[in-house]
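The values are calculated or read from the model by the stated rules, or taken from the named source; none is laboratory data. The shown structure was predicted, so the numbers you read here are calculated from the model rather than taken from an experiment. All Cβ positions, even for glycine, are placed from backbone atoms using ideal geometry, and neighbour counts span all protein chains on display. Only protein heavy atoms, including side chains, enter the accessible area calculation; ligands, DNA and RNA are left aside. Shrake-Rupley method; radii C 1.70, N 1.55, O 1.52, S 1.80 Å.
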Amino acid sequence: MAKWRIIGVLALLVVGAGWYITKPAPLPSDALDGLTGDPARGEIVFAAAGCASCHTSEDGPPTLLSGGKTFASDFGTFVAPNISSDPEHGVGAWSDLALASAIMRGVGENGAHLYPAFPYTSYNKAELSDIVDLIAHLRTLPPSDQPNAAHDLAFPFNQRIALGPWKFLFANSDWVLQEAASPELIRGRYLVEALGHCAECHTPRNALGGLDTARWMGGAPHPSDEGRIPNITTAVLSWSERDIAEYLKSGFTPDFDSAGGEMAEVVKNTGQLTDDDRAAIAAYLKAIPPVAE
Amino acid sequence: MSKKLNRVVATAVAFCIAGAAFAAGHLTEDQQRAMDARQSHMGLYSFNLGPIGAMAQDRIPYDAAIATAAASNLAALASMDQAAYWVEGTDASIEGSRAKAEIWTDAAGYMAEKEKLAAATAALAAVAGDGLDAMKAAFGPVGQSCGSCHEAYRAPRT
């Protein structure tokens, strides 16, 4: 009997310690001190980070962040929330710090973990000043009073607390391309790995849903279970840097087929960047290791 | 049941099973031809976009006559009635097809995408000879129209 009691207490301690090291970690309260957001610069960050691709409704205007789009995954279906400036149904009443903690740390309004269907595991590498600009831009966008819908997830994935260990294992802010030799590559790496979250679609995942960085951009099964998202490393994609940059601008491949699926959404965002930024993304894709099919 | 009737039933059942297997694995000749035709039609879009796109991307010098000819082809292609291409039973569950089932379940939405391309290519044809800047401005909406239909109605590649 006593033995069982000791085991029980030990188990509680392990769970408690586990909870402690994996509990939600928002940004420190002084993280944004001295930063003022510039909404005009924030518009570019907003495009580069692709927030509209997930947070607009299927056929709403590109600035109305009413939420409602659904995302299938192995764990169930996620629904994007309303992040418009509406104080009740959107995030208009959130502080800058609370918003920055959601975007960069995956911590929600009431201090709970957010699901990584929201790619904060990429945005955690963003510059704080860019995020503050982005938030200033968000506040200029129109309100929507659309209520949030609940995710449709199976147990245990519907337990937000289970996300603590997940984040502990997979949410790190290291660059995958560790050596970036030129300012162009540093910019390209930032646009791809931090803001553009290209890997969220183009890199395969392990059984727990973490990105398999050994096969970075090596292509992945489509989350709908139908078809594949292409390998965009030089092992398969033979386009020139210019071809890649043009594709990110207009959606046209070198032989004038036109991008479809989710990539058509991505091109709406990359189409708003400067030619230099698109060239930087192309240079980055040429610099990462080839992944054989 | 008489022996004869038994045999008739057994044969009928066997035919049904064989028929179902045939339907799942093969297309009728008409279905295959419709699929080939629509994919060729798409290929003609790409081919005629080639020179216009290369000019818009500043890869080759602008030439008003070439731009006008290619844009007129595009406008003609996009205005054609294509209903006969999209025959039932040729969605992406069939080998070689990337046509989403939504083309049939949301036929009105699909037609609207087709009409958008017809309008965008007609606008391009009207100005393709008026200089590089005019052509570039009208080229953008054509690309967006191809992309918007592919986004909604073309399945991921396998």
For q values of 0.14, 0.16, 0.22 Å⁻¹, compute log₁₀ I(q)/I(0) with the Debye formula on a Cα-only model of segment A:31-170, without solvent. -0.64, -0.85, -1.55
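Over all directions, what mean area does the Cα convex hull of segment A:25-80 project, stated in square nanometres?
Working: hull surface 23.8 nm².
So the Cα hull casts an average projection of 5.9 nm².
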Report the accessible area of A:Trp166, computed with a 1.4 Å probe over the heavy atoms of all protein chains in place, in Å² rounded to the nearest 10. 40
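Provide the convex hull volume over Cα atoms per residue for segment A:183-287, in Å³.
Taking only Cα atoms, segment A:183-287 has a hull volume of 102 Å³ per residue.
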Sequence gap at least 6, Cα distance under 8 Å: using those rules, report the relative contact order of segment A:31-170 to the nearest whole percent. 33
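Report, in deg cm²/dmol and to the nearest 500, the calculated mean residue ellipticity at 222 nm for the protein assembly as shown, where each DSSP H run with n ≥ 4 adds -39500 (n - 2.57) and the sum is divided by the residue count.
Numbers: 18 runs with 227 residues, N = 451.
Mean residue ellipticity, 222 nm, calculated: -16000 deg cm²/dmol.
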Using only Cα atoms, find the angle between the long axis of helix A:128-138 and the longest principal axis of chain A, and express it within 0 to 90 degrees, rounded to the nearest 10. 80
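Where does the charge balance sit around A:Ala199 when Lys and Arg score +1, Asp and Glu -1, over other residues with C-beta under 12 Å from its C-beta?
Numbers: positive: A:Lys125, A:Arg189, A:Arg205, A:Arg215; negative: A:Glu193, A:Glu200, A:Asp212.
Charge balance near A:Ala199 sits at +1.
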List the residues of segment B:127-158 whose accessible area drops by at least 20 Å² when all protein chains are present, compared with their chain alone, using a 1.4 Å probe and counting only protein heavy atoms. B:Phe139, B:Gly143, B:Gly147, B:His150, B:Glu151, B:Arg154, B:Pro156, B:Arg157, B:Thr158
Taking the Cβ of A:Phe252 as the centre, find all other residues whose Cβ is under 10 Å away and add up their charges (Lys, Arg: +1; Asp, Glu: -1). -3
Given charges at Cβ of Lys, Arg, Asp, Glu: chain A dipole, positive-most of A:Phe46, A:Ser57, A:Thr213: A:Thr213
How many Å³ per residue does the convex hull of the Cα positions in the protein assembly as shown occupy? 233
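Considering only the other residues whose Cβ falls under 12 Å of the Cβ of A:Leu138, what net charge follows from Lys and Arg at +1 and Asp and Glu at -1? Before the final figure, lay out the partial values.
Working: positive: A:Arg139; negative: A:Glu43, A:Asp86, A:Asp96, A:Asp133.
Net local charge, A:Leu138 excluded: -3.
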Cα axis of helix A:261-270 to longest principal axis of chain A: angle in degrees, 0 to 90, nearest 10? 70
Quote the relative contact order of segment B:74-158 in percent (integer), defining contacts as alpha-carbon pairs under 8 Å separated by 6+ residues. 35
Which pairs in the list A:Lys249/B:Lys136; B:Lys116/B:Lys136; A:Lys69/A:Lys125; A:Lys268/B:Lys136 are over 20 Å apart, alpha-carbon to alpha-carbon? A:Lys69/A:Lys125
Would you please name the trypsin sites (Lys or Arg not before Pro) within segment B:56-112 that are DSSP coil residues with at most 15 other C-beta atoms within 10 Å of their C-beta? B:Arg59
Principal-axis tilt of helix A:275-287 within chain A, Cα atoms, nearest 10 degrees: 70
